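Peer 1: Sharing a structure below in structure tokens format, with a few things to ask.
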Amino acid sequence: MAFLRRCHEAGIEVHLLRHGNWPQRIPLPSNAITTDGGALRWEEINTPAGMERIVAFTQSVQADAICSDDEFMLYWLASHRHRFEPRCTVLASSAEAIARLMEKSEQVQLAREAGFQVLPSWLLHTRADADSVPASSFPLCLRPTHMNSVTPPFKAHRVDSPAELHAFLSTLTWTSPLLAQPFCLGPNLVLHGVRSTGGEVLALECFRAYRKYKGYALSIERMNLPADLRQAAERFAHLANLHGPFHFDLLQSADTGEIFFLEVNYRIGGTTPKVIHLGYDEPMLALAAFGLEPPHRPPALRASRRVTGKRMLAGQIYHTLRHGAGMLDFPQHSRLRIILSGLWEFLTVPDAILSRKDMRGSLFYLRRGGRM
């Protein structure tokens, strides 16, 4: 939503085609949206009929560019780039580059080659592979290596012993290997960058998630980007042939200060609204990466010192009140301290999406979250 609002400020008409099990017609989710093209049903995705509907919609609104915040949708659009361009630019890396990065194991290989530090890693193809993980490596953090490959789905999960690992795996079915790494407590660092189709890195800035909830970056602030991380990130972007906006998720050990690669996202993502609020103009940089100019330059962004997501923050306060700190939360403090600091942030730190200029969008965010 923050991305769309910034485009609207630049005089760009925003036309929305939703995907998923939405009603075909709903009130416009934001004042920044000009046209709601309805919902692309799950059963239409990755079908010729679904692609025809997307192409027809872009033609009906005379779109100059198209993008998505969903990994598979972005890959699908990039795979059919010829159906849109040159009239309508697909704001995405090549389909080949995306297909490679959809596998977390490929990301880890590229990260090592680029110069990032990577935690010891094991790929669990079957339950039997759990026996290959040394007992000295526990506790572990498990993550899927491919989107939509695990049932029931999860982002990350901590296990403290081999027995707990086997027990957890017995509750899952998965089609792509799970990635197991030693659990490391600390803040996430998020590196947001943009690389042009000509290969130039237009921007690369670092943000620190000083508060995390269920492994997600809840509250973030700017931080200086160390030179070695900049070099590794730029080399990774070149090796992976990334185009447009991307961001790296890194993890800093609270004990040693070491910084480890977790993953890269080749799209606008969950921290995009937050970094825009901190003054990083990802929407305008994304357009520039593909040689596009908005109708006019929007006003300069007013940067906050810190930013949070109050909807999720309220969820953390409630969860901590009932159950205490989650295993993936940071920092790990007493129940009382987490609740009091959360209430203080709720009152003093601005939200990334709430805006008096877009009351319709703010109400939609409060009801449903930021994704459309």
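Peer 1: Scan the stretch 291-323 for residues that are closer than 26 Å to MET1 by Cβ and either in contact with a Cys (Cβ under 7 Å, 6 or more places away or on another chain) or assigned to a helix (DSSP H, G or I) (or both) and report the count.
Peer 2: Filtering the stretch 291-323 down to residues closer than 26 Å to MET1 by Cβ leaves 291-319.
Next, only the ones that are either in contact with a Cys (Cβ under 7 Å, 6 or more places away or on another chain) or assigned to a helix (DSSP H, G or I) (or both) stay: 310-319.
Final tally of qualifying residues: 10.
Peer 1: Do you know which residues across the stretch 293-349 are touching a Ser or Thr at 6+ places or on another chain (Cβ under 8 Å) and free of Cβ contacts under 8 Å to residues at least 12 places away in the same chain?
Peer 2: Selection gives HIS333 alone.
Peer 1: Can I ask one more? So, of the residues in the stretch 177-209 that are under 20 Å from the mean Cα position of the chain (by Cα) and polar (S, T, N, Q), which turns out to be farthest from GLY309 (Cα to Cα)?
Peer 2: SER196
Peer 1: Report yes if some residue within the stretch 121-142 is in contact with a strand residue (DSSP E or B) (Cβ under 8 Å, 6 or more places away or on another chain), under 30 Å from ALA237 (Cβ atoms), free of Cβ contacts under 8 Å to residues at least 60 places away in the same chain and part of a loop (DSSP other than H, G, I, E, B); otherwise report no.
Peer 2: No, every residue in the stretch 121-142 fails to be in contact with a strand residue (DSSP E or B) (Cβ under 8 Å, 6 or more places away or on another chain), under 30 Å from ALA237 (Cβ atoms), free of Cβ contacts under 8 Å to residues at least 60 places away in the same chain and part of a loop (DSSP other than H, G, I, E, B).
Peer 1: While we're on this one: Give me a count of the residues in the stretch 299-342 that are surrounded by 16 or more Cβ atoms within 10 Å (Cβ to Cβ), out of contact with any helix residue (DSSP H, G or I) (no Cβ under 6 Å at 6 or more places or on another chain), among the hydrophobic types (A, V, I, L, M, F, W, C) and closer than 19 Å to GLY369 by Cα.
Peer 2: 1
Peer 1: Among the residues of the stretch 107-118, are any out of contact with any helix residue (DSSP H, G or I) (no Cβ under 8 Å at 6 or more places or on another chain), at pLDDT 95 or above and farther than 26 Å from SER253 by Cβ?
Peer 2: no
Peer 1: Go through the stretch 174-215 and count every residue that is modelled with pLDDT under 95 and hydroxyl-bearing (Ser, Thr, Tyr).
Peer 2: Number of matching residues: 2.
Peer 1: Given the residues ALA92, ALA97, which is the only one that is in a loop (DSSP other than H, G, I, E, B), in contact (Cβ under 8 Å) with a residue 40 or more places away in the chain and closer than 19 Å to PHE236 by Cβ?
Peer 2: Details: ALA97 fails: in a loop (DSSP other than H, G, I, E, B).
Answer to the selection: ALA92.
Peer 1: Next up: Go through GLY326, GLY257, GLY279 for me and flag whichever is assigned to a loop (DSSP other than H, G, I, E, B) and under 14 Å from LEU204 (Cα atoms). Give the derivation first.
Peer 2: Working: GLY326 fails: under 14 Å from LEU204 (Cα atoms); GLY257 fails: under 14 Å from LEU204 (Cα atoms).
Only one candidate passes the filter, namely GLY279.
Peer 1: Considering the stretch 35-52 alone, what residues qualify as being free of Cβ contacts under 8 Å to residues at least 24 places away in the same chain and either surrounded by fewer than 16 Cβ atoms within 10 Å (Cβ to Cβ) or in contact with a helix residue (DSSP H, G or I) (Cβ under 9 Å, 6 or more places away or on another chain) (or both)?
Peer 2: Of everything in the stretch 35-52, those that are free of Cβ contacts under 8 Å to residues at least 24 places away in the same chain and either surrounded by fewer than 16 Cβ atoms within 10 Å (Cβ to Cβ) or in contact with a helix residue (DSSP H, G or I) (Cβ under 9 Å, 6 or more places away or on another chain) (or both) turn out to be GLY38, LEU40, ARG41, TRP42, GLU43, GLU44, THR47, PRO48, ALA49, GLY50, GLU52.
Peer 1: While we're looking at this one, here's another question. Given the residues ARG25, ARG5, ARG53, which is the only one that is among the basic types (Lys, Arg) and in a loop (DSSP other than H, G, I, E, B)?
Peer 2: Checking each option against the conditions leaves just ARG25.
The values are calculated or read from the model by the stated rules, or taken from the named source; none is laboratory data. Fair warning: this is a prediction, and the values are worked out from it, not measured in the lab. Reconstructed Cβ throughout: ideal geometry from the backbone, glycine too, with neighbour counts over all protein chains shown.
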